[in-house]
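The structure appears below as structure tokens.
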Amino acid sequence: MPYISLEAHLPGITGLLEYRKDTAAPIRSLTQVLLRGPSTLSEGERELIATIVSYGNECKFCTAAHTAAADTLLGESNTSQRMKENIVSAPVSEKMKALLEIAALVRQNGKNVTDEAIQKAKKEGATDIEIHDTVLIAALFCLYNRYVDGLATVTPPQPEFYQALADRLVKHGYNRLPQGYDHLKKTATEVK
Amino acid sequence: MPHIQVPEGVPGIRSLVMFRPETGQYLYELAQVLLRGESPLSEAERELIAAYVSSRNNCMFCMSSHAAAARCLYGDQKNIVDEVLADMQRSSVTEKMKSLLHIAGKVQILGKEVTEEDVAAAREQGASEREIHDTVLIAATFSMFNRYVDGLASWTPTDPAAYEEMGVRMSTKGYALPTKI
């Protein structure tokens with residue numbers, strides 16, 4: 001049970017973003033530009049960064065949602081699975097490994113990001129903007145994970161829920177749906 | 001030295017948002033609505049939560065600047081800020097604020113650290129749902145800002161006078177995206 005009154009048909013982050021819309025607006029816009037805006041990192045790579053941070057923060061809702069989004073964008077689920085097991089042996093480029101390592105350090109504390117970790121990423125060809133965006137995506141998910149778990153929002157157990165959410169994130173991105181979320185009320189009852 | 005090439009001589013988050021205003025504009029919008037927008041918590045209380053979380057994350061830049069803003073906003077009660085940063089439980093802040101700061105401290109560690117008992121204790125002290133929500137979101141937001149500022153090793157001034165000046169600006173003008181040095 002969430003610690004505050006949230007709409008029952010909107011588990012996880014969505015209920016929070018609908019609870020207070022004036023703070024949700026910049027959080028949504030920031031996420032949209034970071035994860036879907038113009039970038040030399042693919043959308044799939046950026047979802048992997050969101051996933052590794054949420055996984056490290058033990059946020060089940062965000063981990064399931066962004067794993068599903070990354071898998072949908074990449075067209076397979078092997079990469080996200082192996083990344084969660086071990087970044088070093090994950091089937092991603094050396095540059096991505098270095099950026100994922102930076103994200104994992106940011107998750108612990110900003111001060112834990114070492115010159116060595118940054119130099120390694122630069123040596124593998126990471127640009128200043130890629131390093132910046134990696135750090136900010138990791139920091140942003142430290143916000144999301146704490147918001148979602150700190151108010152004890154509902155984490156649905158059904159994998160279909162996260163696939164439907166991922167399809168929405170891939171198709172519509174992170175902006176608020178123009179029609180709102182009332183249409184999900186029916187689906188929520190059907191799933192249970 | 002910052003890890004990336006941000007404008008020289010600009011401190012903390014200001015240098016980062018000038019490097020990337022595409023994301024920076026929303027970070028400043030969030031700070032403005034969260035810390036200055038409509039809320040049952042006063043601006044002083046919200047800046048205090050920000051400073052408290054930043055202190056627990058050892059983020060000197062955010063801690064010093066938000067503590068300075070909180071001191072300005074608390075006015076003749078400004079000692080509360082330093083009391084809370086030194087020892088929150090023994091400070092002269094209200095019992096309700098103590099229970100909210102306790103929740104903020106849990107959020108700083110990890111979201112799932114916040115227990116039903118923590119929330120029940122805050123409600124017993126008269127905290128509303130919206131106050132609990134805003135406390136959690138401020139603590140979560142500063143868990144982001146602190147990591148952004150330190151994760152890119154942005155410049156942290158050491159002169160206390162620099163923060164006093166920032167505190168005055170933040171408490172009177174709020175948060176607007178910096179466009180030039």
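The values are calculated or read from the model by the stated rules, or taken from the named source; none is laboratory data. Please read these numbers as outputs of a predicted model, since none were measured by experiment. Ideal geometry is used to build each Cβ from the backbone, glycine not excepted, and the neighbour counts take in all protein chains shown. What goes into the accessible areas is simple: the full protein's heavy atoms, side chains included, and nothing from ligands, DNA or RNA. Shrake-Rupley method; radii C 1.70, N 1.55, O 1.52, S 1.80 Å.
Based on what the data block shows, is B:LEU101 surrounded by 21 or more Cβ atoms within 10 Å (Cβ to Cβ) and not aromatic (Phe, Trp, Tyr)? So B:LEU101 passes the test.
Kindly evaluate A:VAL106 against the criterion of being under 29 Å from B:GLN108 (Cβ atoms), open to solvent by 10 Å² or more (accessible area, probe 1.4 Å) and within 10 Å of chain B (Cβ to nearest Cβ). So that I can check it myself, show each step before the final result.
Values: under 29 Å from B:GLN108 (Cβ atoms): yes; open to solvent by 10 Å² or more (accessible area, probe 1.4 Å): no; within 10 Å of chain B (Cβ to nearest Cβ): yes.
No, not satisfied.
Taking the numbered list (1) part of a helix (DSSP H, G or I); (2) open to solvent by less than 10 Å² (accessible area, probe 1.4 Å) in turn, A:GLU45 passes all entries but (2).
As for segment B:26-35, it holds at least one residue that is within 11 Å of chain A (Cβ to nearest Cβ), in contact with a Lys or Arg (Cβ under 7 Å, 6 or more places away or on another chain) and either among the acidic types (Asp, Glu) or within 14 Å of B:GLY167 (Cα to Cα) (or both).
Can you find a residue that is under 27 Å from A:GLU130 (Cβ atoms), among the aliphatic types (A, V, I, L, M), within 10 Å of chain B (Cβ to nearest Cβ) and within 12 Å of the chain's Cα centre (by Cα) anywhere in segment A:4-20? Within segment A:4-20 (the criterion being under 27 Å from A:GLU130 (Cβ atoms), among the aliphatic types (A, V, I, L, M), within 10 Å of chain B (Cβ to nearest Cβ) and within 12 Å of the chain's Cα centre (by Cα)), the answer is no, since none of the residues qualifies.
Contact map, segment B:42-60: residues that are assigned to a helix (DSSP H, G or I) paired with residues that are polar (S, T, N, Q), Cβ distance under 7 Å, separation 6+ or inter-chain. Pairs shown: B:ARG46/B:SER39; B:ILE49/B:THR135; B:VAL53/B:GLN108; B:VAL53/B:SER143; B:SER54/B:ASN146; B:ARG56/B:GLN108; B:MET60/B:THR156. Taking the criterion of being open to solvent by 60 Å² or more (accessible area, probe 1.4 Å) and acidic (Asp, Glu), the residues of segment A:56-93 that qualify are A:GLU58, A:GLU76, A:GLU85. Residues in segment B:9-41 that are at positive phi and open to solvent by 30 Å² or more (accessible area, probe 1.4 Å): B:GLY9 only. Evaluate segment B:128-143: report whether one residue or more is touching a Lys or Arg at 6+ places or on another chain (Cβ under 6 Å) and at the interface with chain A (Cβ under 8 Å from one of its Cβ atoms). Yes: segment B:128-143 contains one or more residues that are touching a Lys or Arg at 6+ places or on another chain (Cβ under 6 Å) and at the interface with chain A (Cβ under 8 Å from one of its Cβ atoms). Assess whether A:LYS120 counts as being of a type in the set (D, E, K, R), surrounded by 17 or more Cβ atoms within 10 Å (Cβ to Cβ) and more than 9 Å from chain B (Cβ to nearest Cβ). In short, yes. Out of everything in segment B:36-55 that is closer than 18 Å to B:GLN108 by Cβ and of a type in the set (Ser, Thr, Tyr), what residue ends up being farthest from the other protein chains (Cβ to nearest Cβ)? Across segment B:36-55, the extreme among qualifying residues is B:TYR52. The helices (runs of 4 or more DSSP H) falling completely within segment B:110-181 that include 2 or more residues that are open to solvent by 60 Å² or more (accessible area, probe 1.4 Å) map to B:116-124, B:160-173.
Among the residues of segment B:159-169, is there at least one that is within 13 Å of the chain's Cα centre (by Cα) and under 17 Å from B:TYR26 (Cα atoms)? No: segment B:159-169 contains no residue that is within 13 Å of the chain's Cα centre (by Cα) and under 17 Å from B:TYR26 (Cα atoms).
Per the conditions (1) over 15 Å from the mean Cα position of the chain (by Cα); (2) more than 9 Å from every other protein chain (Cβ to nearest Cβ), the sole criterion not satisfied by B:GLY151 is (2).
Considering A:THR63, A:THR23, the condition of being closer than 30 Å to A:LYS186 by Cα, without any contact (Cβ under 8 Å) to a residue 24 or more places away in the chain, in contact with a Phe, Trp or Tyr (Cβ under 6 Å, 6 or more places away or on another chain) and hydroxyl-bearing (Ser, Thr, Tyr) is satisfied by A:THR63 alone. Among the residues in segment A:23-42, are any at pLDDT below 95, open to solvent by 20 Å² or more (accessible area, probe 1.4 Å) and within 11 Å of chain B (Cβ to nearest Cβ)? Among the residues of segment A:23-42, not one is at pLDDT below 95, open to solvent by 20 Å² or more (accessible area, probe 1.4 Å) and within 11 Å of chain B (Cβ to nearest Cβ), which makes the answer no.
Summed over segment A:129-154, residues that are open to solvent by 40 Å² or more (accessible area, probe 1.4 Å) and either away from chain B (no Cβ under 11 Å) or of a type outside the set (Val, Ile, Thr) (or both) total 1. Condition (residue is within 11 Å of another protein chain (Cβ to nearest Cβ) and either open to solvent by 60 Å² or more (accessible area, probe 1.4 Å) or more than 23 Å from A:ARG20 (Cβ to Cβ) (or both)) applied to segment B:72-92: is it met by at least one residue? So far as segment B:72-92 goes, no, none of its residues is within 11 Å of another protein chain (Cβ to nearest Cβ) and either open to solvent by 60 Å² or more (accessible area, probe 1.4 Å) or more than 23 Å from A:ARG20 (Cβ to Cβ) (or both). Among the criteria (1) among the hydroxyl-bearing types (Ser, Thr, Tyr); (2) closer than 18 Å to A:LEU34 by Cα; (3) in a loop (DSSP other than H, G, I, E, B), the one A:THR63 does not fulfil is (3).
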